[in-house]
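The values are calculated or read from the model by the stated rules, or taken from the named source; none is laboratory data. These numbers were taken from a predicted model, which means no experiment stands behind them. Here Cβ is always computed from backbone atoms with ideal geometry, including for glycine, and neighbour counts include all displayed protein chains.
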Amino acid sequence: MSRTTPTGTPLGDAFHVYDTTLRDGAQREGISYSVTDKLAVAGHLDALGVGFIEGGWPGALPKDTEFFARAAAGELELRHAALVAFGATRKAGVRADEDPQVRALLDSEARVVTLVAKSDRRHIERALRTDVVESCAMVADTVALLRAEGRRVFLDAEHFFDGYLFDPETALRVLDAGVTAGADVAVLCDTNGGMLPLRVAEIVGEVAKRTGFRLGIHCQDDTGCAVANSIAAVQTGATHVQCTANGYGERAGNADLFAVIGNLVTKLDMPVLPEGSFVELTRTAHTLAEIANIAPDTHQAYVGASAFAHKAGLHASAIKVDPELYNHMDPTVVGNGQRVLVTEMAGRASVELKGAEFGLDLAGHPQAVSAVVATVKEREAQGWSFEAADASLELLMRTAVDADGAPAAPFELESYRVITERRADGEVVAEATVKLAVDGHRVIATEEGNGPVNALDAALRSALTPSCPWLRDVDLSDYKVRILNPKQGDHGTQAVTRVLVESTDSAAEGGGSWTTVGVHGNVVEASWLALVDALTFAAQRDQTRRRAQDGACSGSGPIATR
C-alpha cells in the first residue's frame, strides 16, 4: 500500500497525526492525570506511532512543567513521535522575549511548539481587549522568536470557523501573520464544536485555495461530528489532524484518535501509522481508557467491544455465509474481533456461530440448535439475558448437545439458608448456611459476609474448597442487579430480579473471566442461580485444563481450552 495523501502526495512528514490527549483530552470532566500517568500515556501513543504528542502547557500548569522536565531528563524515550509544548502568544504590549509564558515554552526543551491564537475578531476585541493589528503582531513576534530559537511551530487558530464566517479577512490575517513568520501549519480550530461536515469541507477548501498554506484541523464534538468534520477537512486539503484518545476532551469531547485513524487507513487508503501498528489500535484504546480510569466505550467505532457484535438473526445468517456481508471491514485488522450475540432475536445461524466461538460444532446437531433457540427465547421473555452472560449460554448449549455429558455443578444442593442481622453497634452482617452433597459426602458450611450473596459465596467456598482446590484461584469480581418490569401496581421490590455475576480465574494463562446470569422473583435465589452457573463453568474449565495437561504429559495432541 502506498503511503500517500488523498491528493497523491507522499506521506511521512507530508501528513501529521497529532495527539492532544495530555492537554485537550485532560480537560474532560473526571480525568486527572498524574505526571506518571502522562508519561505512560505518551509512551503508549508513541508505540502506536502517532507523529506528534502534545504534552501540555508548561509554565501554566505545574504538573505540565514537571512532565516536560522529566521527559527532558530521559524518563520519556520516543521512537516515533515528537513531543510538543502548547502555549499562548506573547501578551498584548509585552515583548515576546520578555513574556514569561513564552520563556516557559523554550525552557520545556520541546522541539515543537503549538501556539494558540484567537482568529475571531470578536474574541480579539472582547476577550483580548486589543485590536487586530496588535493581535497579528503578537502571533508574528512569538512565532519569529521560537523559530529563531530553533523550534518548529504550529499555529492553532482558535475559533477559526466561527471567526471566518463572521469576518473572513481577519481570520485569514491571523493565519498569514503566523505562517509568514515561520509557522509550518495553520490549524483551523472548531473550538465551539458547532460546525457540520459540509460547512467544514467548504471552508477548508476555500482557505486552502486562497492561502496556499499547509492546513490542519482541530474539531470539538459538540454536534457529534468531530470525526466526520476531521475527515471532511482532510479530504479537502488538511494534512495535519489533531485528535484525542477515545475522544476525551472538554464538554462533549474531541475527535476520537482511533476513529480518525481507522477512517484514514481503511477508507482513504492512507497508512498513517508505521507498518504493523494498525493492529494495536484496539489494545491502545483500552489501555489509555484504563489509565484515565474511564470504562472503555463498548460501542466506540473500530475499537469498541461491540463495534463488530451482531445481534439480529438476519445478520447472523448472512455472516455465516460471508462475514464481510455485515462488517464494513475485517475487525482483526485493528486488533478487534467479531462477536455474535444470542438473544430472543437470535435464529439458528446465531446459535451455530456462537457455538463455534465456544468450540462447539452445532451444525451437526439440528435438534440441539432448535432447543437452544427455543430455550433462549422462552427465558428472555421471563427476563433472562444471555448476551452479557456467555458462560451461562455455553453451559446451556453444551447441555443441549449432550445432556448426559453436560457440565455439572461440583455438588448437589440439599438446602441453603441466608439470614441478615443488624447488631447493636449498627453493623449489618449476613450469615449463610449451605448443605451440600460433595463427592458422595454430606457437607454443611456456615460463613458470614457483608451481604447475602457474599455470605453464600463464602459458604460455598468453605464447603467445596477441600475437594475442589482450584476454587482458591476463582474470585467473584463483579455483581450486578437489575429490577425487571414490575407488574402494574407492584413495587420494585416485588418485581423479578436479574443478577449478573462476573468471576475471574487468576490461574488461567493471561487471566480469565466469565459472566453468568440468574433470574428469579427473590434476589437471593437469582444470585444463587448465577453463582451455581459460575462454579459449574469454573469446574468445566478446570477439567479441560487438567485434560490438556494429561494429554501433554502422555504425548497426545493438545486439547483446545477456552
Some residue of the range 249-256 being within 23 Å of Lys38 (Cβ to Cβ), at pLDDT below 90 and in the same structural domain as Val200 (by TED's automatic domain parsing)
no
Confirm whether Leu362 is farther than 30 Å from Ser462 by Cα, within 36 Å of the chain's Cα centre (by Cα) and modelled with pLDDT of 75 or more.
yes
Residue list for the range 32-59, filter: among the aliphatic types (A, V, I, L, M) and under 24 Å from Ile217 (Cα atoms)
Val41, Ala42, Leu45, Ala47, Leu48, Val50, Ile53
When the range 209-229 is examined, which residues are found to be surrounded by 21 or more Cβ atoms within 10 Å (Cβ to Cβ) and outside any loop (DSSP other than H, G, I, E, B)?
Leu215, Gly216, Ile217, His218, Cys219, Gln220, Ala226, Val227, Ala228, Asn229
Can you confirm whether Ala316 is crowded, with 18+ Cβ neighbours inside 10 Å, at pLDDT below 95 and not in a strand (DSSP E or B)?
yes
Looking at the range 409-453 only, could you name the residues that are among the hydroxyl-bearing types (Ser, Thr, Tyr) and either over 30 Å from Arg398 (Cβ atoms) or surrounded by fewer than 16 Cβ atoms within 10 Å (Cβ to Cβ) (or both)?
Ser415, Thr420, Thr433, Thr446
Please work out which residue is nearest to the chain's Cα centre (by Cα), limiting yourself to the range 77-100 and to residues that are under 20 Å from Val174 (Cα atoms) and surrounded by fewer than 18 Cβ atoms within 10 Å (Cβ to Cβ).
Lys91
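Among the candidates Gly451, Gly440, single out the residue that is within 21 Å of Glu502 (Cα to Cα) and not charged (D, E, K, R).
Only one candidate qualifies: Gly451.
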Matching residues, the range 255-271, being within 20 Å of Gly56 (Cα to Cα) and either in contact with a Lys or Arg (Cβ under 9 Å, 6 or more places away or on another chain) or in a helix (DSSP H, G or I) (or both)
Leu257
What's the total number of residues in the range 165-208 that are under 14 Å from Arg121 (Cα atoms) and surrounded by fewer than 24 Cβ atoms within 10 Å (Cβ to Cβ)?
8
For the range 509-552, which residues satisfy the criterion of being crowded, with 17+ Cβ neighbours inside 10 Å and modelled with pLDDT under 85?
Gly512, Gln540, Arg541, Asp542, Arg545
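If you go through the range 419-450, how many residues are part of a loop (DSSP other than H, G, I, E, B) and in contact (Cβ under 8 Å) with a residue 24 or more places away in the chain?
Taking the range 419-450 as the starting set, the residues that turn out to be part of a loop (DSSP other than H, G, I, E, B) are 423-427, 439-440, 450.
Narrowing the set further to residues that are in contact (Cβ under 8 Å) with a residue 24 or more places away in the chain leaves 439.
Looking only at that region, the number is 1.
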Within the range 216-273, track down each residue that is touching a residue at least 40 places away in the same chain (Cβ under 8 Å) and of a type in the set (S, T, N, Q).
Gln235, Thr239, Gln242, Thr244, Asn246, Asn254, Thr266
Determine if the range 463-474 includes at least one residue that is in contact with a strand residue (DSSP E or B) (Cβ under 6 Å, 6 or more places away or on another chain), in a strand (DSSP E or B), at pLDDT below 90 and not polar (S, T, N, Q).
yes
Report, by residue number, each residue of the range 230-251 that is on the phi > 0 side of the Ramachandran plot, in a loop (DSSP other than H, G, I, E, B) and in contact with a helix residue (DSSP H, G or I) (Cβ under 8 Å, 6 or more places away or on another chain).
Gly237, Gly249
Given the structure, is Arg210 basic (Lys, Arg), more than 22 Å from Arg173 (Cα to Cα), touching a helix residue (DSSP H, G or I) at 6+ places or on another chain (Cβ under 9 Å) and assigned by TED's automatic domain parsing to the domain that holds Leu288?
no
Please verify whether the range 105-128 includes one or more residues that are in contact with a Gly (Cβ under 6 Å, 6 or more places away or on another chain), crowded, with 20+ Cβ neighbours inside 10 Å, touching a residue at least 40 places away in the same chain (Cβ under 8 Å) and within 27 Å of Asp221 (Cα to Cα).
yes
Residues of the range 505-545 being more than 22 Å from Lys435 (Cα to Cα) and part of a loop (DSSP other than H, G, I, E, B), which ones?
Ser506, Ala507, Ala508, Glu509, Gly510, Gly511, Gly512, Gly521
Where in the range 40-123 are there strands (runs of 3 or more DSSP E), lying fully within it, with 2 or more residues that are farther than 19 Å from Thr20 by Cβ?
none
For the range 186-208, which positions are in a strand (DSSP E or B) and under 10 Å from Ala157 (Cβ atoms)?
Ala186, Val187, Leu188, Cys189
Of the residues Thr142, Thr180, Thr130, Thr170, which is part of a helix (DSSP H, G or I), more than 22 Å from Val113 (Cα to Cα) and polar (S, T, N, Q)?
Thr170
Which number in (1) assigned to a loop (DSSP other than H, G, I, E, B); (2) of a type in the set (Asp, Glu); (3) crowded, with 19+ Cβ neighbours inside 10 Å marks the one condition that Glu394 misses?
(1)
